[in-house]
Amino acid sequence: QVQLVESGGGLVQPGGSLRLSCAASRSIFSIYVMGWYRQAPGKQRDVVATITNGGNTNYTDSVKGRFTISRDNAKNTVLLQMNSLKPEDTAVYYCTAYYALRTYWGQGTQVTVSS
């Protein structure tokens, strides 16, 4: 099993930055894919960014050029650096890991972009 704990959410003004962190309860070296999803009120949960253990990344179009996902295998952590934040980025952000044919989710962290 894998427990995931997110941190780093909060309230930020448009154009600002936040860095989300996801700490895993076990080594992530063998976890093939980790990523971030988000869910805005009244909407479905959608993928934001993913990263493989080989370092290959994918981003949803709306965040390309603004968000960067990275993983630190030594610290069992996945990061999401979010720059140039927009009000439409407001959502609960969830960390996810695909391991041993199962998808694991964190509890989520709220990101609010508002002036």
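The values are calculated or read from the model by the stated rules, or taken from the named source; none is laboratory data. The structure presented is a predicted model; accordingly, all values stated were derived computationally and were not measured. Quick reminder, even Gly has a Cβ in these numbers, built from the backbone with ideal geometry, and neighbours come from all protein chains shown. SASA here: full protein model, heavy atoms, side chains in, ligands and nucleic acids out. Shrake-Rupley method; radii C 1.70, N 1.55, O 1.52, S 1.80 Å.
Just one residue in the set LEU79, LEU85 is surrounded by 15 or more Cβ atoms within 10 Å (Cβ to Cβ) and in a loop (DSSP other than H, G, I, E, B); that residue is LEU85.
Here SER21 qualifies as under 13 Å from ILE69 (Cβ atoms), modelled with pLDDT of 95 or more and of a type in the set (S, T, N, Q). Taking the stated definitions as given, is VAL33 under 15 Å from the mean Cα position of the chain (by Cα), open to solvent by 30 Å² or more (accessible area, probe 1.4 Å) and touching a residue at least 24 places away in the same chain (Cβ under 8 Å)? Spelling it out, VAL33 is indeed under 15 Å from the mean Cα position of the chain (by Cα), open to solvent by 30 Å² or more (accessible area, probe 1.4 Å) and touching a residue at least 24 places away in the same chain (Cβ under 8 Å). Residues in region 5-34 that are assigned to a strand (DSSP E or B), more than 10 Å from ASN76 (Cα to Cα) and not small (Gly, Ala, Ser): VAL5, GLU6, LEU11, VAL12, LEU18, ARG19, LEU20, VAL33, MET34.
When we screen TYR98, TYR37 for residues that are part of a strand (DSSP E or B) and in contact with a Lys or Arg (Cβ under 7 Å, 6 or more places away or on another chain), the only hit is TYR37. If only residues of region 88-105 that are more than 11 Å from the chain's Cα centre (by Cα) and over 26 Å from GLY42 (Cβ atoms) are counted, the one that is surrounded by the fewest Cβ atoms within 10 Å (Cβ to Cβ) is LEU101.
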